[in-house]
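Values in this text are rule-based calculations from the coordinates and carry no lab data. Everything numeric here is computed off the predicted structure, so don't read it as measured data. Counting neighbours? That spans all protein chains shown, and the Cβs are built from the backbone with ideal geometry, glycine included.
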Amino acid sequence: MTTPLTEEDRNAIRERYRYERDKRIRKDGNQQYLQPEGRFASLLDDPYVQVAPREPVNDEVDVLVVGAGFAGLVTGARLKQAGVNNVRLIDKAGDVGGVWYWNRYPGAMCDTAAMIYLPLLEETGTVPSAKYVLAPEIHAHAKRIATTFNLYDNALFSTGITAITLDESISRYIVNTDRGDTIRARFLAMGPGPLHRPKLPGIPGIHDFAGHAFHTSRWDYDYTGGDPTGALMEKLADKRVGIIGTGATSVQCIPHLSRAAKDLFVFQRTPSAIDTRNNHPIDKEWFGSLQPGWQNEWLMNFTTLQTMGFAEKDLVMDGWTDISLRIRDRVIEMVKAGSQVGPETLLRAYEESDDEKMSEIRARVDSIVHDQATADALKPWYRQLCKRPCFHDEYLQSFNNSNTHLIDTDGKGVERIDETGVWVNGVHYELDCLVIASGFEVGTPYTRRSGYDVVGRNGVSLGEYWADGMRSLHGIHVHNFPNLFVLGPSQGANLISNIPHNYVANSVVIASTIAHAISTGASEIEVTETAENDWLTFITSTQRGLRGGEDCTPGYYNNEGGTMGRREQLNSSGHPGGPVAYFEYIEQWRTSGEFAGLVFR
Ligand code: NDP
C-alpha cells in the first residue's frame, strides 16, 4: 500500500496529467491514422483460410445475421431458441469468432473474466479453464455456440457484403456480396463489432520499410515461428524486432516477443496502466456446484459492482470492479461525514479513488522494473479510465530482460520510418521486423468501417442518417430502416467492460420482436420517428460517466482529445441510469409484450 495522498500530492498529480495531455494533443486527432493501403493493402485480407470457390447464392432467408462474432452468434442462438430457424450468418472471415477469429497474436487473452465474458456457458455446457482464458479457448467457445445452435448450417463465410438495399415493394433487404450472391432477407441483424478495422499509425515513411512488417491482427507465424497458444517464436532468435504501440494488444504480446527476439525495441507514445492479473485455474468441482441461472447472476453482479452499485458479494473480484468499489465506499464515507449526495461528492470520491489507484499502479512499476529511467517512462500519468486499463503479470517484467529496450518517444510518437528501421529523437533503430500494434478504427463513419452502406426507406442511407451521430431506439431499431436490428453497446447499456453482456441482453429482445412479427404475420417492424427522438433526448439528458477531460491523455475513449460534440455524445451514450438500469428496463419492455415505440405493419 502507498502512503495516503495529501492535497498537495493531488494537485501535483493533476498538473502532471495536464502536462502529459497537452504534450500529446494533435491537431489531426483521429485523422492521424492511415487506412491499409500500399504495402499494407493486404491487411484486410484473411490469411487463415484458402477460400474455396463456390456458386453464388440466390435465395431468401428470414433473418440474415451480419457478422459471426459473439454479437451474431448470440443473436443466432436466441433466434433458434425463439423458434426462428431460417437464420443465416454471414461473415468476411473464414469461420465464426469475430475479433477472436482475426486476433491470433501470441498471448492474446481476454481481460474480462471468462465466467462473464464467454456468453451462453450454461446453454453450451462449458467450463472455462481459468479465470481469464487465452484467445484459442475463446475462439473454440465461439465455434461451440455455432455447433450447439446449428448456426454453421446455411452460414456463408469468406463473404463480404457489398450493398444492402431495402426493396419496399416486397419488404425485403436485397443483400449483395463479393461472391456474387443476392440474398433477400426479411430481417437483418447487424453485428459488425466495435473494433474490427485495423488502422495504421500516421508515421512518415511507414510504406518505405523494406524489412518484414505486419499488424498484430494478422500475426505472421510463418515469419516468427511459434503459434497462437504461445509456443516460442523460434524464428525470431536472430532478429531485431520493433513494435509500435503499447496498448492492450501490445501489452499481451510483448512478453512473448521479449522471450523470443534477439533484440526487442518497444516504441512507446503513451504507457498503458498495468494492474495485476492474478489468473488461476477454475476448479471443476466448484463450477459443478453452481446453480442453474448462475451466469445471469454473475453478469448482473459484475455490472452492478462495476458501475458503483451494491451487492452482497463481489463474485468476479478483479481490477474492473476495484475502482468502482473504491468510489462507492468513499461516497458512503463522505456522506456519513456530512457531505451531500450529489455530483460534487461523486466527483470528489472519483478523483480521490482514481488518484489512489493510479499511484498504486505507478508504484507497481517501481517495484517491478529495475532500471529507474525505464520504470519512470513506463508510468501512466492520466486517470485510469481515460484509456483501456490493462492487467498483466509479465509485461513490466519483460523490461528487465537485457534484450528488451523501451524507446520512449515522450508522447510524440515515432518520428519516421525508413527502409531499414525506425527513427526516434534523431536516433535510428535498425530492424528486421516491425510489428504494428496501433489498434482499430473508432469514431470513423460506420459505412467506412463496414465497407458498404445500407439503403432503407425512400432511399435514405444509414451512412447519411448517422452522419451527425447514431440515431436509434435502444441502440437497436432505426427509423427508416424497418426490420433492421443493430447489435452493439451504444445507445443501450453501453457497457464497455464486458461487451458480450450487451449482446446477451439485446439478443433476447431482438429474437422476441422478430418471433412476434412472424407469429402475427407482420411484414414490417419500424420504430416511429417520435420514439427514436424521445429515446435520443432521454439518453443525452445526462453526461453519464466521468470522462476526465483535461486529466486524460488522448485516445479513442475521448475522441483523441478532440471536442466531444453532439456526434461523439450520440455515438458513446447509453441509458442515463447506467447499464443495470438499461438491462432492467429492456427486460421489462420486452416482457410487457407491448413493444412500445415500434409499429408492426
Ligand atoms: P490501441 O488503440 O489501444 O493502442 C494503439 C497503440 O498504438 C497506442 O499505444 C498508441 O499510442 C500507439 N500509437 C499510435 N500511433 C502511434 C505513433 N505514431 N507512434 C507510436 N505509437 C503510436 O490498440 P490495441 O490493439 O492495443 O487495443 C485495441 C482495443 O482492443 C483495446 O483497447 C481493447 O478494447 C481491445 N483489446 C482487448 C483485449 C482484451 O483483453 N479483451 C486484448 C487486446 C485488445 P497512444 O496511446 O499514445 O495513442
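Got a sec? How would Ile90, Ile586 order by Cβ neighbour count within 10 Å, fewest to most? Before the final figure, lay out each step's value.
Values: Ile90 25, Ile586 20.
By the 10 Å Cβ count, ascending, the order reads Ile586, Ile90.
The peptide list 222-234, 134-146, put in order of mean Cβ contacts within 10 Å with the highest first, becomes 134-146, 222-234. For region 482-601, the ratio of Cα radius of gyration to the globular rule of thumb 2.2 N^0.38 Å stands at 1.19. Here the spin labels are modelled as points 7 Å beyond Cα on the Cα-Cβ line, and at Lys284 and Tyr585 they lie 4.4 nm apart.
With contacts taken as Cα pairs under 8 Å and at least 6 residues apart, region 1-144 reaches a relative contact order of 18 percent. Comparing region 428-499 with the 2.2 N^0.38 Å rule of thumb, its C-alpha radius of gyration ratio is 1.54 (two decimals).
For region 51-122, the Cβ-based charge dipole about the Cα centre amounts to some 120 debye (Lys, Arg positive; Asp, Glu negative; other atoms uncharged). For the pair Asp59 and Ser129, a Förster radius of 41 Å applied to the C-beta separation gives a FRET efficiency near 0.55, rounded to the nearest 0.05.
Here Lys27, Lys239 are placed in order of increasing Cβ neighbour count within 10 Å, fewest first, which gives Lys27, Lys239.
Here is the tail figure for region 92-245: Cα pairs spaced more than 26 Å apart come to 45 percent of all pairs. Here the ratio of the Cα radius of gyration of region 546-601 to 2.2 N^0.38 Å is 1.62. Pairs of Lys residues in region 1-144 that lie 8 or more places apart, or on two chains, and have C-alpha atoms under 25 angstrom apart add up to 4. Full extension of the chain between His207 and Val427 yields a length gain of 77.3 nm, computed as 0.36 nm times the residue separation minus the alpha carbon distance. Legend note: in the chain, cysteines whose Cβ sits 4.7 Å or more from every other cysteine Cβ are Cys110, Cys253, Cys390, Cys433.
Averaging 1/r over each pair of different alpha-carbon atoms in region 1-45 and inverting the result gives 14.4 Å, the Kirkwood hydrodynamic radius.
At a threshold of 8 angstrom on Cα-Cα distance, excluding pairs fewer than six apart, so keeping six or more, what relative contact order does the chain reach in percent?
The value is 20 percent.
The fraction of all Cα pairs in the chain landing in successive 20 Å bins from 0 to the largest distance is 19, 54, 26, 1, given as whole percents.
Determine the gain in length on full extension of the stretch Tyr48-Lys23; use 0.36 nm per residue of separation and subtract their C-alpha separation, reporting nm with one decimal.
Net length gain for the segment: 5.0 nm.
Select from Thr374, Ser324, Trp286 the residue farthest towards the positive end of the dipole of region 261-403; place +1 on Cβ of Lys and Arg, -1 on Cβ of Asp and Glu, and compute about the Cα centre. Of the candidates, Thr374 comes out farthest on the positive side. Dividing the helix sum by the residues of the chain, where each DSSP H run of 4 or more adds -39500 (n - 2.57), gives a mean residue ellipticity at 222 nm of -10000 deg cm²/dmol. Counting only complete DSSP H runs, which helices of the chain cover 24 Å or more along their long axis at the Cα atoms and score a mean Kyte-Doolittle of -1.0 or above? Long hydrophobic helices here: 319-336, 343-368, 499-520. Residue order for Asp22, Asp91, fewest other beta carbons within 10 angstrom first, comes to Asp22, Asp91. Candidate cross-link partners of Lys239 among the aspartates and glutamates, defined by an alpha-carbon separation under 13 Å and a same-chain spacing of 8 or more, comprise Asp263, Glu430, Asp432.
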